Amino acid sequence: MASGRCTLTIFLPLTYIPFMDSSLAQAKSEFERIFGPGGKIHVIRAPGRVNLIGEHTDYNDGLVLPIAIEPQVLVVCRGRDDGMVRLASTAFQGELAEFSVQRKIERGKPAWSNYGRGVAAELIAAGIPLPGMDALIANTLPVGSGLSSSAAIEIGIAQAFLTIAGLTIDLDRLAVITQKAEHEYAGTPVGIMDMTIVAGARAGHAMLLDCRDLSREYVVLDPKELRVVIANTMLEHELHTGEYAQRRKQCEQGVEFFKKKQEPQIRSLRDVSMQQLTSAKGKLPETIYRRCRHVVSEIARTRDAAALLCRRDYDEFGQRMLESHASLRDDYEVSTPELDFLSTEAMKVKGVYGARMTGGGFGGCIVALAQPRAVDALKDHLTKTYEQKFKVAPEVYVTTAAAGVSVLE
Ligand code: ADP
Ligand code: MG
């Protein structure tokens, strides 16, 4: 883990953010338009997330370094006495989901409501009694762009239920419950990172999360010195594809190899050192060797990068981002020409420390770390050059490290 000196010890109160006034008022008036006025209305805010480094390490018991981002969802909600849950979303105008917390909750339509159904079902299964509610999801976070809109709505909806019920539960427990909801009700084999950062992020900090035991350190990401810029290739990212499953399988094959070599203490690639890996060269099939080399080096890089961020050595941190990208491109083979292009172009702008693909790959986004004054030029450059080459404008988001889920009202 990074140096303990960087661990945040004070609790940051969740801040009231004035610029959210207009979108908050808008969301509330939309809620009343759909569900009618009156009663006690609560508003929950849940952010998206981006991973700065540590890719394809989560399912190998490794390290990740995500931040929560400013794009977010608001969940406007009000309790109901009859146990019914009605869900609406500004992203899916005119669609309404309805189910009861007093009956077995099944998957249903519209498809997006399965995240809410799953969250309700898994909270109840965990022994938490839920009230009925009306809830509207309003988003500035793009849907399905790799910035974890799914975890944002899950954590947001869960927090909505808990707030109405007047209950609090441990955020890590909430992360595990919502992860189960996504597995069971959305059928996505998502790791624990998304929910953990959406729930537990601290403003102005990245989270160095150990996916083996969920221990973490918060590392300062100073908004006075840094911006995180995210650019979307606008290509579909598909976690469900065979490629993702194949990479996981290849990692397991690597682990099997080391276990067979009478190294029973090895439970996952987290336990394999670079030295052990290097001595397996020529014995492991070449592809498996390269897959393992990505994971083993990426875990070390992530640890290293967190320590560099701690020391405010942004140039070196940026180098680790570039190495991460090269490893994902060449060894893990999950990048695309679009991701390579955006990462390369980002580095041409003065004041950009590093850039890399982020998320599972095969589309989705790149993430760059930059000086605040470099942001406008970076945004312009990426938009212009990408559009010229790929005939589609990338969506670009500029953010600081935001706080995790919060109750605004
Ligand atoms: P992401 O990377 O954004 O998490 P996912 O494919 O995991 O992508 O999740 C996207 C799905 O989450 C959408 O297809 C939709 O079902 C649901 N979702 C996300 N945001 C919203 C929203 N604002 N309103 C309703 N459903 C949403
Ligand atoms: Mg998701």
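Here LEU277 clears all of (1) of a type in the set (A, V, I, L, M, F, W, C); (2) open to solvent by 10 Å² or more (accessible area, probe 1.4 Å); (3) closer than 16 Å to VAL255 by Cα except the condition numbered (2). Within the range 130-152, the set of residues being away from ligand 1 (no atom under 16 Å from the Cβ) and either in contact (Cβ under 8 Å) with a residue 60 or more places away in the chain or in contact with a helix residue (DSSP H, G or I) (Cβ under 7 Å, 6 or more places away or on another chain) (or both) comprises LEU130, PRO131. Every condition in (1) in contact (Cβ under 8 Å) with a residue 40 or more places away in the chain; (2) in contact with a Gly (Cβ under 9 Å, 6 or more places away or on another chain) is met by HIS294 except one, and the failing one is (2). When SER89, SER100, SER145 are checked against the criterion of being within 16 Å of ligand 2 (Cβ to nearest atom), of a type in the set (S, T, N, Q) and at pLDDT 95 or above, a single residue qualifies: SER89.
Here is a check on your reading of the model: is ARG107 of a type in the set (D, E, K, R), away from ligand 2 (no atom under 16 Å from the Cβ) and either crowded, with 22+ Cβ neighbours inside 10 Å or in contact (Cβ under 8 Å) with a residue 60 or more places away in the chain (or both)?
yes
Under the condition of being part of a helix (DSSP H, G or I) and either surrounded by fewer than 23 Cβ atoms within 10 Å (Cβ to Cβ) or of a type outside the set (Val, Ile, Thr) (or both), the residues counted in the range 193-239 number 5. Counting the residues of the range 149-187 that are open to solvent by 10 Å² or more (accessible area, probe 1.4 Å) and within 14 Å of the chain's Cα centre (by Cα) gives 4. Does GLU298 meet the test of being under 27 Å from the mean Cα position of the chain (by Cα) and farther than 19 Å from VAL50 by Cβ? It is false that GLU298 is under 27 Å from the mean Cα position of the chain (by Cα) and farther than 19 Å from VAL50 by Cβ. Is it true that GLY191 is within 16 Å of ligand 2 (Cβ to nearest atom) and either in contact (Cβ under 8 Å) with a residue 24 or more places away in the chain or within 16 Å of ILE69 (Cβ to Cβ) (or both)? So GLY191 passes the test. Looking across the range 49-99, the residues that are among the acidic types (Asp, Glu) and open to solvent by 30 Å² or more (accessible area, probe 1.4 Å) come down to ASP58, ASP61, GLU70, ASP81, ASP82, GLU95, GLU98. Residues that are crowded, with 20+ Cβ neighbours inside 10 Å and within 22 Å of the chain's Cα centre (by Cα), at least 2 per element: which helices (runs of 4 or more DSSP H) completely within the range 301-409 meet that? Per the criteria, 314-330, 337-346. The numbered conditions (1) in contact (Cβ under 8 Å) with a residue 12 or more places away in the chain; (2) under 31 Å from the mean Cα position of the chain (by Cα) are all true for LYS283 except (2).
The values are calculated or read from the model by the stated rules, or taken from the named source; none is laboratory data. This is a predicted model, so every value here is computed, not measured. Reconstructed Cβ throughout: ideal geometry from the backbone, glycine too, with neighbour counts over all protein chains shown. What goes into the accessible areas is simple: the full protein's heavy atoms, side chains included, and nothing from ligands, DNA or RNA. Shrake-Rupley method; radii C 1.70, N 1.55, O 1.52, S 1.80 Å.
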